[in-house]
Amino acid sequence: MEEYITIIQNLRDVLKEELEDIQLVSQSSNLVFSAKTKNHGVLYIKFYLNRSSHIDHEMALYDILDPSFLKEAIYSSIDPKFMVFQELKGKTLDQLDSREIHKNQEKIVDSVISFYESIGKNPVKGYGLLDEQLHGKSNSFLDFLTKRQMDTEKVLQDYPVLGDAFSKMYSKYSDILVGDSSLVPIDTNMKNIMLCDSGEIKFIDPGELISGPILMGYGDFVAHTYQTPLCDALLQKLHLGEEDLKRLHIYAVCSSLNILAFLKKLGCENLEEVIPYGNTKPFVELIKDHLQKLGLYSYTNPKQKHI
C-alpha cells in the first residue's frame, strides 16, 4: 500500500501542488484513493489492478467516447496504470427520491441511450469478455453466453428458480439468442450513474465492457431498474418489437443471475433478500417476473412454479 501512497504524493510534481489527507476509498478489484488539494479540490486516484473476472477498460473509453459522459480526468499513467479524477458533486440515481426521478427521468433515459449507442458504434473482434486490446475472447456470442451462464448456474444450483433459469430460457429461446460484436457496457446499476449538481448525467464506473449486442447492455440496466419509472421510460423510448423484448428479458435475467452468483461467491447467504441499488424489490422477485413474461414461470400454481 505504501508504494501507491508514494505515487500519489509524487503527483505534486505534475499538479504543481501537494496532495494531502490521502485516504483509501475502495480496494475491491482496483484501488481507489481520495486526496485533498488547494487548487483542484478533492481528487480521486484509481489504480487499475484488475483483480476480478473482467479487465477494467475505463481508461480506453476516454479515447473512444465523448468525455462528457464520463468523470473529468486530469491525469493518467500507463505504468503503473492509473487515472486522476476531479470529484463529481451530485447524487447517484439510487440516492434520488421519487420526485427527483420523475423530474429527471427523461434526461436520465436519454443519456443512457446515448451512452450505449455511442459505445456501441465501436465494433470489436471476437465476442464476450475482452482482453487488454478490447478483443473478445470467445469465437461466437452464443459460446460466450452459454459458458458464462452455465458457470453461473453451477454457483446457484441449490436455489429454486435461479438454479435452472438460464437452461429453461435457452431451451425455449436459443434460436433468438444471436448478437453482433459491438462494444457494450454491462455495469450500469443506479449507483454507477450520477445526476450532477450541474444537471449533467455522468457514468462514474463504466469500465466493465463486453463484445456483444447492445440489447445485452440495456438488459443490464433493466435488471437493476425493472418495475421502476426509469425502466418504464426506457422501454417507451426503445420501442422494441416482440422478439427484441424477449431478448431484453433474457439478458436482464442473465445479468441478475450473474450478480447473485458473484455475491454468493463473496459469502452472501441470503440471496433472496438482495435488492438492486435504487429499487425496492429483490432480484429474485424481479427474475420471477421476467420469467413469467417469457412464459417460464407461474405465480398461480405453487406446486409447479415452472411451466
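Taken together, the values in this text are just the output of simple stated rules run on the coordinates, not laboratory data. None of the values given here were measured: they were computed from a predicted structure. Quick reminder, even Gly has a Cβ in these numbers, built from the backbone with ideal geometry, and neighbours come from all protein chains shown.
The distance between label points at His40 and Asp110 comes to 3.3 nm (points 7 Å beyond Cα on the Cα→Cβ vector). For segment 1-23, the residues whose backbone nitrogen is under 16 Å from a point 7 Å from the Cα of Leu49, taken along Cα to Cβ, are 1-8, 23.
For the chain, the longest principal axis of the C-alpha atoms and the axis of helix 141-155 are separated by about 90°. With 0.36 nm allotted per residue and the present C-alpha distance subtracted, the Tyr62-Glu242 stretch has 61.3 nm of extension available. Filter the GluC sites (Glu not before Pro) in segment 249-305 to those in DSSP coil with at most 11 other Cβ atoms within 10 Å of their Cβ, and list the result. Sites meeting the loop and neighbour criteria: Glu269.
Between helix 283-293 and the chain there is an angle of about 40 degrees, using the helix long axis and the longest principal axis of the Cα atoms. With a threshold of 28 Å on the Cα-Cα distance, the over-threshold entries among Lys16/Lys107; Lys202/Lys281; Lys81/Lys264; Lys265/Lys288; Lys46/Lys288; Lys137/Lys293 are Lys16/Lys107; Lys81/Lys264; Lys46/Lys288; Lys137/Lys293.
Rounded, prolate or oblate, given the Cα gyration tensor of segment 2-87, with a/c below 1.5 counting as rounded?
Since a/c reaches 1.5 but b/c is at least a/b, the shape of segment 2-87 is classed as oblate.
Between Cys196 and Asp175, what's the calculated FRET efficiency when r is the beta-carbon distance and R0 is 45 Å? Round to 0.05.
In this case the efficiency is close to 0.55.
Each part gets one Cα centre, and for segment 166-196 versus segment 100-120 those centres are 17 Å apart. Computed from label points 7 Å out along Cα-Cβ, the spacing between Gln86 and Phe262 is 2.9 nm.
Along Cα→Cβ, 7 Å out, is where each label goes; now give me the distance between the ones at Glu100 and Gln27 in nm to one decimal. Computed distance between label sites Glu100 and Gln27 equals 3.0 nm. The length gained by stretching the chain between Asp79 and Lys125 to full extension, at 0.36 nm per residue less their Cα-Cα distance, is 14.0 nm. Counting neighbouring beta carbons within 10 Å and listing from fewest to most, the residues Cys196, Cys254, Cys231 come out as Cys196, Cys231, Cys254.
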